[in-house]
Amino acid sequence: MRIELRHIHKHFGKVHANNDISLMIESGGIQGILGENGAGKSTLMKILSGFIQADSGEILMDGKQIIISSPADAIRHGIGMLHQDPLDFPPMRVIDNFLIGQRGGIFPDRKAALRGLMEMQQKLDFSISPSAYVDMLTVGERQQLEIMRLLWLGARVLILDEPTTGISALQKDKLFATLKQLAKQGITILFVSHKLEDVEYLCEKIAVLRRGVLVGNVSPPYSTDELVEMMFGKVVSFGGRDPCLNNEELLTLENIGIEDDRLNIRDVNFSLCRGEVVGLAGMEGSGQRQFLRLLAGLLRPVAGKILLDGKDITGKPYHYFVKNGVSYMPAARLEEGLFPGLTLTDHFILAGEQKGFIIQRELARQQAQKKIEEFSIFGTPTSPVEALSGGNQQRTLLALQRPGLKILLLEHPTRGLDIESSLWVWEKLKERCRQGASIFFISSDLEEILQYSDRVLVFYGGKISQPLKAEETTTDQLGQLIGGKGW
Amino acid sequence: MDVTSPRIRFLFGFLAVFLALIFATIVLALTTDDPLGAYYNVLIGSFGSMTKLSDVLVAWVPLLLATSGLLVTFTAGLWNIGIEGQITLGAIFTTAVIKALQGSDLPPEMVIFLSILSGALGGALWASAVGWLKIYGGVNEIFGGLGMNFVATALTLWLIFGPWKRPGIGSMSGTEPFNSIYWLPQIGDLRISWWSLGIGIAGIVLIYLLLNGTYFGLRLSAVGKNGKAAYLMGLPTTRYLMMSFLICGAFAGLAGAVQVTGVYHRLIPSISSGYGFLGLLVGMLVNYQAVWAAPVALFFAALNIGSIQLPIVMKLDSALSGVLQGALVLFVLLMNGVRQRLLGKQ
């Protein structure tokens, strides 16, 4: 089936997530969709699969315009999407998952479904037991199940969103073979990824998105450099780095191991000096977040030691880390950092020291007013925090940080902020560094990483690079490492 | 239109009350030719005489105590459905102390004081079980509370028909009434006591000050509004959750104690009289703000007492008060939803 997208626009508030995207995908082709986090690839795919609706634009299928207003609609038109986290029902059996989404009838026809499942397994050379529970399957097997389910529902177009995160190399080979086989049978495949090697290997065409705009749709032979530049834009250089205050060691990681259900990071050794800024680069889900949460005391290492000022703090509770001057600022400001429904004054009281039992309201209001001025927050002491803009929420979060912190852990400190606010935020952060604090921060903005870090750690598929000196690194090199090249 | 402004809020609240009245009137019109007469009778039945008024206050005090306690758990983001059981346990503890000390050398005032104190303790203990289940067992407080309510009811019945049964034979009318020296002193021949009124009013004032003026209240509200952020900020969230259960349980226990020492003077099977559940309604209706708790609880108590007239005078079922109370809460929540929707659309 040939899919054509014409002038797709989608706004989320002020963000123009898809800006006039037009793309033609031939029947039976494997089309790669490449871009960094937030480039708009997921948005575009969600529009195509009916999860969300475009603000304007047309979708044509074999030359006919179609309207997709829900995922059920999409599958009726033969479009099925395989999400990054499989949208299945883990406590249920494989065969029940296979049946879900089937239209019509009160009583599901298990026998027919079982026959269908077995036939398809034979054709695709899968071997999943129909009576197994889904939570016993590997992520790769769950993908296989999802693919079969969508095909059985009549999908002729398959969208795969970052399918190679979290599966083994063997399963990846198997997946690629399956996709090639399906393409030969005329199934159209859209392969969304940020991994250069995967798209280069698999796709017959690669569409690159950057900040909501389709930058190009290239055909092989691919040049990695060209793709990196398309993904991340022109290389821009900045100044503005403070030299490390001294070489005093503040934090040391010895043979740290981090594990969760997707990642297995081993043998991390790192030492941080006072006043240093370390940028954590990598695609979302590559382990930076886990690393940051480890440093915050929210995640315990499975191996190794964490030393702060020479003191072993491995395995201590989060509150101990807080007491010892570690502060964690989550990316989800309203969800994890602030209290919707409480005013700015309330926030400053909560973050401040307790004096007695009764709150001195008037005094608190004055102190809040002072903080509001100091941090140029656009709001009043009585403004509820959810009424502030993203930039002002970030300023508030910064203003809440206690004085005398040793380590600040920041997730996307300037995400969603305009340039002026970003500069301002970094001004405040550098002030902290001059006072002796060190910073780890995650960002998907390579320029930001290179501009403000002293050293950079790159994360890719559970591996952490050797620390790179930011002054000696270019966005190009960084982009390649993030995309999995040059390891 | 700014749908968060106080004026708009008030307008929507007013609209909700209006709609609830219309709904209740329609229900009434289906059963009687004279719906307005029914309202009149409820009014007369609740405020028509000093005796009636004092009966309303008798219902008001435990309802207000339950609501006060619930404001604390609501602030912490918890649904303390188990409050009924906590009231019951308060009543059981109170009864136990009076039974144990009656006839002793202690002055009766001392006995009453100790019994009320242990009532609060009993409620807090029962609530702490729900808290433990929630915090350390991962059992949602709604399920834990519901379970503990059943246990409390069973415990009451066992006591009334078992160890504490009346001489001769146990009956649904409860345990043997206490000697009147162990009653909270009443005002003249009215059923209400200055003491229970004092406890109720002091309770809500205390809760108002606690929630609106102290670090404890603000932190509790932070925990309730965003537990994750509170934890990341370094607040001991589990301790605050537990404290809120204990405080609410103590207030529920007080309500039970007042029921025993001030109203029934014995333990009866349905000693909580549903004031816990009604308190949940009041809490929702006042949007979890202590300021309005007292008047709204008074209104609910008046409805409960006033509607007793309906079967007597008009041969109508007294469940009308429940219909109106339920409708009020539903319409207020509905109007809140409508307001939020308008907010989201902007």
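For the reader, a short list of remarks on this structure follows.
- Fraction of beta bridges assigned by DSSP in the protein assembly as shown that are antiparallel (%, nearest 5): 55
- Comparing B:G213, B:G69, B:G326 in a Gaussian network model of chain B, where Cα atoms under 10 Å apart are tied by springs, the biggest mean-square fluctuation is seen for B:G213.
- Above-threshold pairs, the threshold being 19 Å between Cα atoms, out of A:K323/B:K225; A:K180/A:K205; A:K371/A:K428; A:K41/A:K174; A:K323/A:K406; A:K41/A:K195: A:K323/B:K225; A:K41/A:K174
- The mean of 1/r over all distinct Cα pairs in the protein assembly as shown, once inverted, gives the Kirkwood hydrodynamic radius of 31.5 Å.
- Placing dummy labels 7 Å off each Cα toward the beta-carbon, the span from B:M110 to B:D317 is 5.1 nm.
- For chain A, the mean residue ellipticity at 222 nm estimated from helices alone is -9500 deg cm²/dmol, where every DSSP H run of n ≥ 4 contributes -39500 (n - 2.57) and the total is divided by all residues, rounded to the nearest 500.
- Here is the P(r) of region B:50-309: all C-alpha pair distances, binned every 5 Å from 0, give 1, 7, 14, 18, 19, 16, 12, 7, 4, 2, 1, 0, 0 in whole percents.
- Ranked by how many other Cβ atoms sit within 10 Å of their own Cβ, fewest first, the residues B:V72, B:V332, A:V213 fall in the order A:V213, B:V332, B:V72.
- For the pair A:E362 and A:Q102 in one chain, pulling the backbone fully straight at 0.36 nm per residue adds 87.4 nm over the alpha carbon distance.
- The mean number of partner chain beta-carbon atoms within 10 angstrom of a residue's beta-carbon across peptide A:333-339 is 5.
- Shielding value for B:229-237 is 6, the average number of Cβ atoms from other chains within 10 Å of each residue's Cβ.
- If the chain linking A:N255 and A:S131 were pulled fully straight, counting 0.36 nm for each residue of separation and taking away their Cα-Cα distance, it would gain 40.5 nm.
- Residues B:C248, A:C433, sorted so that the one with the fewest Cβ neighbours within 10 Å comes first: A:C433, B:C248
- Value of relative contact order over chain B, rounded to a whole percent, pairs C-alpha under 8 Å and six or more apart: 35
- Full extension of the chain between A:R402 and A:Q122 yields a length gain of 94.7 nm, computed as 0.36 nm times the residue separation minus the alpha carbon distance.
- Remark on A:S56: its backbone amide H falls under 5 Å from those of A:H9, a criterion applied only to residues 5 or more positions apart or on other chains, H modelled at 1.01 Å from N.
- Cα→Cβ-extended label distance, 7 Å offset, between A:R2 and B:L146, nm: 5.8
- Residues whose amide H lies under 5 Å from that of A:V277, counting only those 5 or more places away or on a different chain, are A:I439, A:D454, A:R455; hydrogens are built 1.01 Å from N in the peptide plane.
- 3J(HN,Hα) along region A:470-482: 5, 5, 9, 10, 9, 4, 4, 4, 5, x, 5, 4, 5 Hz, from the Karplus curve 6.51 cos²θ - 1.76 cosθ + 1.60 with θ = phi - 60°, whole Hz, x for Gly and Pro.
- Vicinal HN-Hα couplings computed from phi for region B:289-304 (Karplus, 6.51 cos²θ - 1.76 cosθ + 1.60; Hz; Gly/Pro x): 9, 5, 4, 8, 4, 4, x, 5, 5, 4, 4, 5, 5, 4, 4, 4
- Here's how it looks for A:M283: its modeled amide H is under 5 Å from none belonging to a residue 5 or more places away or on a different chain.
- A Förster radius of 56 Å combined with the Cβ-Cβ distance from B:L30 to A:Y201 puts the calculated FRET efficiency at roughly 0.15.
- Order of A:E472, A:E411 under a 10 Å beta carbon neighbour criterion, fewest first: A:E472, A:E411
The numbers here are math on the coordinates, done by the rules we state, and not lab data. In this text the structure is predicted, and so the values were computed from the model without any measurement. Every residue, glycine as well, gets a Cβ built from its backbone with ideal geometry; the counts of neighbours run over all protein chains shown.
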